[in-house]
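Every number here is computed from the coordinates shown, using simple stated rules; none is lab data. Computed from a predicted structure; not experimentally measured. In this analysis, Cβ positions are derived from the backbone assuming ideal geometry, glycine residues included, and neighbour counts consider all displayed protein chains.
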Amino acid sequence: MELILENRPETCAMVGLECGACVRHAAASVASICGGLEPLGAQQLFFQMYPSAGCRPMAHAFVLAYNDATPREPRVLTFVTAAA
């Protein structure tokens, strides 16, 4: 089995990945770890993750999926200390 070193439509298709599903999943994962990016920041992140020219048409879909997956309400972290 060959090692895929770059995200490209051809190599992804060889292993059974579909562009739309891949981009939606990646956008949701990114949103869960760093939500709140402006659209331009999300688009730049897409181009870093998918540097192939063949992936560029999916940039807009990534930004839309990222926005859909970004939590709307701020998360509040509560720290609890253990009683001794």
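Test PRO39 against the criterion of being in contact (Cβ under 8 Å) with a residue 40 or more places away in the chain, exposed (fewer than 15 other Cβ atoms within 10 Å of the Cβ) and under 14 Å from the mean Cα position of the chain (by Cα), and give yes or no.
Values: in contact (Cβ under 8 Å) with a residue 40 or more places away in the chain: no; exposed (fewer than 15 other Cβ atoms within 10 Å of the Cβ): yes; under 14 Å from the mean Cα position of the chain (by Cα): yes.
In short, no.
ARG24 fails exactly one of the following numbered conditions: (1) surrounded by 13 or more Cβ atoms within 10 Å (Cβ to Cβ); (2) free of Cβ contacts under 8 Å to residues at least 24 places away in the same chain; (3) under 16 Å from ALA69 (Cα atoms). What is the number of that condition? Answer for ARG24: the failing condition is (2).
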